[in-house]
There are 2 protein chains.
Amino acid sequence: MARPRSFDTEDALEKAMHVFWTHGYEGASLPDLLDGMGLTRGSLYKAFTDKKTLFLKVLERYEGQAVKAGVAMLSDPAVPNGSERIMSLFQGSYQRVVNGDMRGCLLCTAAAGPSTYDDEIARAVSRGLGELRDGIYTALGASPKHATLSTAERAALADMIIAQYVGLRTMARARIDHETLHNIVRSVGVMLG
Amino acid sequence: MARPRSFDTEDALEKAMHVFWTHGYEGASLPDLLDGMGLTRGSLYKAFTDKKTLFLKVLERYEGQAVKAGVAMLSDPAVPNGSERIMSLFQGSYQRVVNGDMRGCLLCTAAAGPSTYDDEIARAVSRGLGELRDGIYTALGASPKHATLSTAERAALADMIIAQYVGLRTMARARIDHETLHNIVRSVGVMLG
DNA sequence: TCCGTTATGGACTGATTGGTTCCTAACTCT
DNA sequence: AGAGTTAGGAACCAATCAGTCCATAACGGA
């Protein structure tokens with residue numbers, strides 16, 4: 001019994017995600033978002049409260065999409081060796097750069113940016129990276145070479161691999177040369193055996 | 001034959017560095033810088049041209065200070081084993097967090113931020129990280145465990161370790177819990193043997 | 001068809017952004 | 001001491017920021 005939305009909320013959120021992904025939280029202006037989402041101010045504020053709330057929703061979406069896809073990769077039963085699954089994650093990140101996508105990882109960019117002064121964003125970043133870390137932990141459990149590790153050692157190793165991941169993707173965003181990025185992926189491969 | 005500066009340029013640059021370090025490039029407003037440096041607009045613009053030029057000078061200073069100190073650590077002849085030198089770098093980064101310094105690494109923050117759209121900043125970031133990478137490469141040369149590596153393999157390993165470093169410091173800035181950060185350092189230690 | 005309700009879009013707000021202008025102060029050199 | 005030159009500081013600038021307001025449009029239910 002009222003006027004319905006003329007746009008699809010999920011679709012708008014998807015578009016907002018790409019704007020934030022490209023420009024970062026602070027770098028994305030309201031006009032940038034309005035343009036990218038195809039909305040006017042009234043609609044955006046009615047549907048998403050304000051810029052920060054929109055960003056938190058976008059982070060949630062990223063978690064349910066990009067992070068979830070990564071975790072799925074890391075627990076893919078079709079690849080029996082967990083180390084190979086982890087390598088797929090890194091190779092995928094590198095491939096994105098080769099394909100011209102220099103935006104890096106939205107979570108990693110947020111980690112260096114607004115999560116410094118905003119608790120809610122910090123928590124969201126932490127949560128997303130934590131999921132990825134848990135996925136890596138699981139994958140390590142399916143890696144013959146790491147089967148003998150204690151759970152504590154394996155958890156610590158997963159934390160280290162997440163740091164490598166954050167580093168790789170942050171460096172990709174900084175447009176570090178492809179050779180260096182490739183070396184990172186290659187060495188992770190060597191390390192995992 | 002003219003009125004001399006009433007402030008010390010190096011001192012002002014040092015103060016500007018801390019403002020940028022805390023707030024990031026985009027997050028540091030002109031009033032923030034003016035306050036932190038103890039200058040008025042006229043003086044700042046006369047001495048440093050504009051915000052971006054000031055930031056580039058700050059990055060240079062950071063390179064000549066923080067990065068140089070890291071490289072010195074990595075080539076410290078008093079520590080014969082290069083792997084131990086690398087560990088000092090990571091332990092130092094962790095210790096900073098324990099001591100309450102959550103600012104991370106200025107270069108790493110700049111990597112995720114303005115280097116995305118500004119070539120000069122991207123080059124400066126790249127240069128600074130490159131120096132650190134070269135330092136790590138040198139240290140690996142003084143590590144018995146890595147003595148047998150080919151130069152290409154050693155270079156690739158150095159690239160990987162730099163990625164770990166960027167990841168660690170970025171995650172520190174995002175206020176990831178100490179235990180995770182400690183695990184990263186610990187696992188780097190295990191990896192280096 | 002008309003009423004109630006919500007969405008839309010653009011005009012508007014006040015604060016803040018980085019940067020400029022210009023008058024005056026302070027110094028050195030002759 | 002006076003001339004020449006640069007630093008300092010505050011007023012000022014246009015542009016932009018995120019966010020609000022409100023008249024109107026568009027719908028569902030009765």
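Using all pairs of distinct alpha-carbon atoms, the Kirkwood hydrodynamic radius of the protein assembly as shown works out to 21.9 angstrom. With each label modelled as a point 7 angstrom along the Cα→C-beta vector, the A:A69-B:E153 pair spans 3.5 nm. Relative to the other identical copies, B:G92 shows label-point distances of 3.6 nm, where the label point lies 7 Å from Cα along the Cβ direction and values run shortest first. Solvent-free Debye calculation, one equal scatterer per alpha-carbon of region A:20-119: log10 I(q)/I(0) at 0.10, 0.14, 0.17, 0.24 Å⁻¹ equals -0.37, -0.66, -0.88, -1.29. For B:L149, inter-copy separations between label points set 7 Å beyond Cα along the Cβ vector come to 1.9 nm, shortest first. Here's the picture: a label point sits 7 Å out from the Cα of A:Q95 along the beta-carbon direction, and within region A:138-180 the residues with their amide nitrogen under 17 Å of it are A:169. The simple spin-label model puts a point 7 Å past each Cα toward its Cβ; for B:K46 and B:L34 those points are separated by 1.5 nm.
The phi torsions of region A:98-105, fed into the Karplus equation with coefficients 6.51, -1.76 and 1.60 and a -60° offset, translate into couplings of 4, 7, x, 8, 9, 6, x, 10 Hz, rounded to whole numbers, with Gly and Pro shown as x. Sorted from nearest, the other copies put their B:E120 label points 3.7 nm away, the label point being 7 Å from Cα in the direction of Cβ.
Principal axis extents of the Cα atoms in chain B, from largest to smallest and rounded to whole angstrom, are 61, 39, 33.
Annotation: the residues B:L56, B:L107, sorted from fewest to most other C-beta atoms within 10 Å of their own C-beta, follow the order B:L56, B:L107. Using unit Cβ charges (K, R positive; D, E negative) and no other charged atoms, how large, in debye to the nearest 20, is the dipole of the protein assembly as shown about its Cα centre? Dipole about the Cα centre, nearest 20: 200 debye.
The angle between the Cα long axis of helix A:151-173 and the longest principal axis of the Cα atoms of chain A comes to about 50 degrees, rounded to the nearest 10. In order along region B:137-145, phi translates into HN-Hα couplings of 4, 4, 4, 4, x, 9, 10, x, 4 Hz, rounded to whole numbers, per the Karplus curve 6.51 cos²θ - 1.76 cosθ + 1.60 with θ = phi - 60° and x for Gly and Pro. Helical content of chain B, expressed as a calculated mean residue ellipticity at 222 nm, amounts to -22500 deg cm²/dmol (DSSP H runs of 4 or more residues, -39,500 (n - 2.57) each, divided by residue number, nearest 500).
Tell me, what is the percent relative contact order of region A:102-158, built from C-alpha pairs under 8 Å that lie six or more residues apart?
Reported relative contact order: 24 percent.
Put in line by how crowded their Cβ is, counting other Cβ atoms within 10 Å and starting with the fewest, A:V125, B:V188 read B:V188, A:V125. Here region B:84-184 is described by how far its Cα atoms reach on the three principal axes: 37, 36, 15 Å, from widest to narrowest.
Here, each number is a calculation from the coordinates, and none is a lab measurement. This structure is a prediction, so every number in the text was calculated from the model and none was measured. Heads up, the Cβs are rebuilt from the backbone with ideal geometry, glycines too, and the neighbour counts pull from every protein chain shown.
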